[in-house]
1. Would you mind stating whether Ala153 is under 24 Å from the mean Cα position of the chain (by Cα) and assigned to a strand (DSSP E or B)?
2. Tell me the residue from Thr357, Thr280 that is part of a helix (DSSP H, G or I), buried (at least 19 other Cβ atoms within 10 Å of the Cβ), β-branched (Val, Ile, Thr) and within 15 Å of the ligand (Cβ to nearest atom), please.
3. Residues to consider are Glu195, Glu160, Glu183; find the one that is open to solvent by 50 Å² or more (accessible area, probe 1.4 Å), in a helix (DSSP H, G or I) and under 30 Å from Pro47 (Cα atoms).
4. What number of residues within the range 240-265 are more than 11 Å from the ligand (Cβ to nearest atom) and in a loop (DSSP other than H, G, I, E, B)?
5. With Gly339, Gly372 as the choices, which residue is within 11 Å of the ligand (Cβ to nearest atom), part of a helix (DSSP H, G or I) and closer than 23 Å to Leu450 by Cβ?
6. Please go through the range 328-350 and give me each residue that is farther than 23 Å from Arg206 by Cβ and open to solvent by 30 Å² or more (accessible area, probe 1.4 Å), ordered by number.
7. Take the residues in the range 217-272 that are open to solvent by 40 Å² or more (accessible area, probe 1.4 Å) and among the aromatic types (Phe, Trp, Tyr); name whichever of them is modelled with the highest pLDDT.
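The values are calculated or read from the model by the stated rules, or taken from the named source; none is laboratory data. Note that this is a predicted model, so its numbers are computed, not measured. Here the Cβ is made from the backbone with ideal geometry for all residues, glycine too, and neighbour counts use every protein chain on show. These accessible areas exclude ligands, DNA and RNA; they are computed on the full protein's heavy atoms, side chains included. Shrake-Rupley method; radii C 1.70, N 1.55, O 1.52, S 1.80 Å.
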Amino acid sequence: MMMQLIWFRQDLRIEDHTALWHATNSGQTIALVILSPEQWKLHDDAPIKIDFYLRQLKALKRQLQKLNIPLIVQTIQLWQDVPQCISSLCESLNIENVHANIEAGFNERLRDENVEKQLHLNGKQVHFYHDRTIFSLGSIRNQSNLPYQVFGAFKKKCYEQLSISLPILFDTPNPQARIKLEELTSYSTVIPQIEDIYPDTVLSERKWKVSEAHTLELLDDFIENRLVHYHEQRDFPNIQGTSQLSAYLNMGIISIRQCLHALFREQLGHFLIQHQSQQTWLDELLWREFYQHILFDFPQVSKHCPFKPQTDKIQWRQDLDDLDAWKFGKTGIPIVDAGMRQMLSTGWMHNRVRMITAMFLSKNLLIDWRLGEQWFMQNLIDGDLAANNGGWQWCASTGTDAVPYFRIFNPISQSLKFDASGDYIRQWIPELAHLDHKTIHEPYAKQADLALDYPKPIVDLKQSRLRAIDAFKLI
Ligand SMILES: Cc1cc2nc3c(=O)[nH]c(=O)nc-3n(C[C@H](O)[C@H](O)[C@H](O)COP(=O)(O)OP(=O)(O)OC[C@H]3O[C@@H](n4cnc5c(N)ncnc54)[C@H](O)[C@@H]3O)c2cc1C
């Protein structure tokens, strides 16, 4: 049989892996991963995310070893060198077919097109598979055969498709015979630590454990014990009411199909919604799906362009002090600062607080949402172009199906509603920990001279709200 190459990208698992299944069913398989540190920088990938990736890569290598699949680790700086890298590898190892899962971003697709062109010149075949989404990218279309731009209609279509059947899971490959190939020994199989790549990196904690087994345990724990409360609890940042699976889904340590099958486990794999929380979690998975399809169908969102082009005329404020205060959790608005500090400390932020902080930057501070999007990418462990861009453009009212520009969250009302006890703020802003549950949301409201080692609000919420509405009305 002909030799196959499985090229791992953001799909670091062996279970339910479309490209791996196809490769191993076509012949003896060698695995490849390409590290590209300069490209990661260009894409603003957070150090915590790269560290997570490298740690999972080590776990994947151990799993592949059990299957007798050697993992080659190549390092190049930029993706422009990928075609040459793969092509020479295919030549020297006598590989006939390359298999990989599709990624939706514009640069990713360009990279893959160039690989395909180069390998075709050499008479090799490249096979790309849909794996990252429930439905093939480009396949969810309205009656005019156009992509959906509104989540409600997109979701309805997805429900229709799911009611026909859930997508199938791919079997995990069986161990193959050992590959005895002299040329293999000339390739590196060493996976570096993040400090080897970026020597200045300081990561305070590595709380996010890796491995597929651990991720499946997290999914099981969520489905068995916490899903039932999801609908009521998911908006409260002080409760661990959500799955916290985003980093694992984004790195492909778990597949979206595995999540779906776990969600309908009790219904024996049938699409049957039996309680509100089940539906609500499904809808969140479909928001993820929606933004992946948007990224695929509207490549301009990959290129720092707003989905609604007219919103590029908004006169954003250029205020570096305000931007820095926001970045480092020093705006004087406790719920905003708590969220930003949670992200800086753990690499993750609760969804409700992501919305509050993003709206505060793009509306109350009237600072370009792209600067916020970039800061999130530079710090999130689950940083994902599609979801991050989608979330930011929703909050900034520049995106598809975005919040209307005049519906601006008041962060204090949000704080009172979703962190009524103030415990979330207490956890992330120790300077305010001694305040009672009324004062903590707006410490200087009743007593402007309260002695606190905490800044006063950098902006008046009412005036800044009107300023944002005016800026949007002008375009
Ligand atoms: C400004 C902003 C930026 C965001 N940036 C990212 C990002 O970089 N990466 C990312 O994965 N999510 C992002 N989100 C979406 C959402 O906040 C996270 O997916 C969620 O907080 C992850 O927590 P969880 O895994 O516990 O989610 P759960 O509530 O358990 O949801 C399950 C899964 O559904 C998906 N999901 C849930 N909500 C959304 C959503 N609104 N949009 C897209 N997918 C969703 C995620 O994959 C998530 O893991 C962003 C949201 C906003 C408002």
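1. Values: under 24 Å from the mean Cα position of the chain (by Cα): yes; assigned to a strand (DSSP E or B): no.
The answer is no for Ala153.
2. On the way: Thr280 fails: buried (at least 19 other Cβ atoms within 10 Å of the Cβ).
Of the residues listed, the single one that is part of a helix (DSSP H, G or I), buried (at least 19 other Cβ atoms within 10 Å of the Cβ), β-branched (Val, Ile, Thr) and within 15 Å of the ligand (Cβ to nearest atom) is Thr357.
3. On the way: Glu160 fails: under 30 Å from Pro47 (Cα atoms); Glu183 fails: under 30 Å from Pro47 (Cα atoms).
Selected residue: Glu195, the only one of Glu195, Glu160, Glu183 that is open to solvent by 50 Å² or more (accessible area, probe 1.4 Å), in a helix (DSSP H, G or I) and under 30 Å from Pro47 (Cα atoms).
4. 5
5. Working: Gly372 fails: closer than 23 Å to Leu450 by Cβ.
Selected residue: Gly339, the only one of Gly339, Gly372 that is within 11 Å of the ligand (Cβ to nearest atom), part of a helix (DSSP H, G or I) and closer than 23 Å to Leu450 by Cβ.
6. First, the residues of the range 328-350 that are farther than 23 Å from Arg206 by Cβ: 330-337.
Residue satisfying the conditions is Lys330 alone.
7. Going residue by residue through the range 217-272, those that are open to solvent by 40 Å² or more (accessible area, probe 1.4 Å) are 217-218, 220-221, 224-226, 228-229, 231-234, 236, 238-240, 246, 261, 265-266, 268, 270-272.
This time we only want the ones that are among the aromatic types (Phe, Trp, Tyr), so: 236, 271.
Values: Phe236: 98, Phe271: 95.
Once the filter is applied, the top-ranked residue is Phe236.
The rows are residues; the columns are (1) in a helix (DSSP H, G or I); (2) open to solvent by 10 Å² or more (accessible area, probe 1.4 Å); (3) touching a residue at least 40 places away in the same chain (Cβ under 8 Å); (4) farther than 12 Å from Ile194 by Cα.
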{"site": "Trp7", "(1), (2), (3), (4)": "no, no, yes, yes"}
{"site": "Ile14", "(1), (2), (3), (4)": "no, yes, yes, yes"}
{"site": "Trp21", "(1), (2), (3), (4)": "yes, yes, yes, yes"}
{"site": "Val33", "(1), (2), (3), (4)": "no, no, yes, yes"}
